[in-house]
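For reference, the structure is listed below as C-alpha cells.
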Amino acid sequence: MREFVVEADGGSRGNPGPAGYGAVVSDAATGETLAEAAEYIGVATNNVAEYRGLLAGLRAARELDPQARVHVRMDSKLVIEQMSGRWKIKHPAMKPLAAQAATVFPQDRVTYEWIPRERNAHADRLANEAMDAGRRGEPWSPAASRAGLDAPSAVPPRRARRVTRRRARRGYARRWRRGRARAPPAAPGTPQWSGLPGVRNRRARRREPLLRTPPCGTPAP
C-alpha cells in the first residue's frame, strides 16, 4: 500500500480578506513531489482557507491512489486538533469543510501531525502565489509556480554538532601536527607545547631526552 504525505496551508490577508490555499502531495518513501494544488478563493478567513487547502490536498492524493495511506502535516493547530477529534468544530463555515475532508479517505488511513510553519514552506508559498494571482485577477498557474524551487527541503536539517572545549583542543592539535595551524609562542628553553592542556607536539616529544627514575638507593647522576 502506498503512503502519501499531504502538506497544506491557507492564508488570508485581512482575516477575513483575500484568501488562498496551497497543498502538496509527496511520496512518503522518497519525498518526491507528486502533485501540487493552489487556488484563490476570494474573501474568507484564515481557518476556512486552511480547511480548503486540506480538502484539496486529500483529493489530490485520492486521484493518485484511492487505496493509499495519507499522513497530513499542517502548521494550523486548530485544523489538526479538530480533524483528530480532540477539539470540537463550532464555526458554521468550517463544519461542512471538515465533514467533506473526513469522507475523502477512511479515517483509519489518515493521520494528522502539527508542524512548525518553517517546515511547511512549500504549501505556504503555494498559498501566497494563489493570493498574488487573485490580486492580479489571474488563476494560479502550475507552470509559473516557483514554490517547489524556493521552498527548503522537507527533510529536517541535522542538528549542529556541539563543539566542546575538549573537541576544539583536539581539532587544533590535529591541525597543528599536520602543519595547518601555527603553534602559540613558547618561552625560550621550554619544550614546544601546543599551548592546549593535555596535548603535546610529537616532534617536541621526540626531541626531549628520555628521563628514567633510578632504582632506590642509587644516586642520581
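The values are calculated or read from the model by the stated rules, or taken from the named source; none is laboratory data. All values derive from a computational prediction rather than experimental measurement. We place every Cβ from the backbone using ideal geometry, glycine too, and count neighbours over all the protein chains shown.
Mind listing whichever residues of region 63-76 are more than 21 Å from the chain's Cα centre (by Cα) and assigned to a loop (DSSP other than H, G, I, E, B)?
Taking region 63-76 first, the residues more than 21 Å from the chain's Cα centre (by Cα) are 63-69.
Those that are more than 21 Å from the chain's Cα centre (by Cα) and assigned to a loop (DSSP other than H, G, I, E, B): 65, 66, 67, 68.
Considering each residue of region 129-142, count those that are at pLDDT 95 or above, closer than 9 Å to residue 38 by Cβ and not hydrophobic (A, V, I, L, M, F, W, C), and give that number.
Selection size over region 129-142: 1.
Can you find a residue that is surrounded by 17 or more Cβ atoms within 10 Å (Cβ to Cβ) and of a type in the set (D, E, K, R) anywhere in region 19-40?
Yes, there is a match, as at least one residue in region 19-40 is surrounded by 17 or more Cβ atoms within 10 Å (Cβ to Cβ) and of a type in the set (D, E, K, R).
Looking at region 28-45, I want the residues that are assigned to a strand (DSSP E or B) and have a partner that is among the charged types (D, E, K, R) and surrounded by fewer than 18 Cβ atoms within 10 Å (Cβ to Cβ) with Cβ atoms under 8 Å, at least 6 apart or on another chain. Which pairs are those?
Correct list of pairs: 34/27; 35/63.
Counting only residues that are touching a Pro at 6+ places or on another chain (Cβ under 7 Å) and surrounded by 18 or more Cβ atoms within 10 Å (Cβ to Cβ), which one in region 41-60 is farthest from residue 74 (Cα to Cα)?
Within region 41-60, the match that is farthest from residue 74 (Cα to Cα) is 44.
Going by the conditions given, is residue 79 closer than 17 Å to residue 44 by Cβ, of a type outside the set (Phe, Trp, Tyr) and within 24 Å of the chain's Cα centre (by Cα)?
Values: closer than 17 Å to residue 44 by Cβ: yes; of a type outside the set (Phe, Trp, Tyr): yes; within 24 Å of the chain's Cα centre (by Cα): yes.
Here the answer is yes, as residue 79 does meet what is asked.
What are the pairs, 6+ residues apart or on separate chains, where a residue within region 51-71 that is over 14 Å from residue 2 (Cα atoms) and in contact (Cβ under 8 Å) with a residue 40 or more places away in the chain has its Cβ under 8 Å from a residue that is part of a helix (DSSP H, G or I) and among the polar types (S, T, N, Q)?
Sorted first by the residue in region 51-71, then by its partner, the pairs are 55/100.
Give the number of residues within region 82-93 that are part of a helix (DSSP H, G or I) and either within 15 Å of residue 44 (Cβ to Cβ) or among the aliphatic types (A, V, I, L, M) (or both). Reasoning before the result, please.
To start, the set of residues in region 82-93 that are part of a helix (DSSP H, G or I) comprises 82-83.
Among the residues that remain, those that are also either within 15 Å of residue 44 (Cβ to Cβ) or among the aliphatic types (A, V, I, L, M) (or both) are: 83.
Qualifying residue count for the region: 1.
State whether one or more residues within region 46-58 are farther than 22 Å from residue 141 by Cα, at pLDDT 95 or above and hydroxyl-bearing (Ser, Thr, Tyr).
Within region 46-58, not a single residue is farther than 22 Å from residue 141 by Cα, at pLDDT 95 or above and hydroxyl-bearing (Ser, Thr, Tyr).
If the requirement is being farther than 29 Å from residue 2 by Cβ, modelled with pLDDT under 95 and under 17 Å from the mean Cα position of the chain (by Cα), which of these qualifies: 165, 169, 161? Before the answer, list the steps.
Working: 165 fails: under 17 Å from the mean Cα position of the chain (by Cα); 169 fails: under 17 Å from the mean Cα position of the chain (by Cα).
None of the others qualify; the one that does is 161.
Filter region 94-132 for residues that are among the acidic types (Asp, Glu), touching a helix residue (DSSP H, G or I) at 6+ places or on another chain (Cβ under 8 Å) and either assigned to a helix (DSSP H, G or I) or without any contact (Cβ under 8 Å) to a residue 24 or more places away in the chain (or both) and give the result. Break it down stepwise before answering.
First, pick out the residues of region 94-132 that are among the acidic types (Asp, Glu): 108, 113, 118, 124, 129, 132.
In the following step, the residues that additionally are touching a helix residue (DSSP H, G or I) at 6+ places or on another chain (Cβ under 8 Å) were identified as 113, 124, 129.
Of everything in region 94-132, those that are among the acidic types (Asp, Glu), touching a helix residue (DSSP H, G or I) at 6+ places or on another chain (Cβ under 8 Å) and either assigned to a helix (DSSP H, G or I) or without any contact (Cβ under 8 Å) to a residue 24 or more places away in the chain (or both) turn out to be 124, 129.
Exactly one condition in (1) small (Gly, Ala, Ser); (2) under 22 Å from residue 18 (Cβ atoms); (3) touching a residue at least 12 places away in the same chain (Cβ under 8 Å) is false for residue 141; which is it?
(3)
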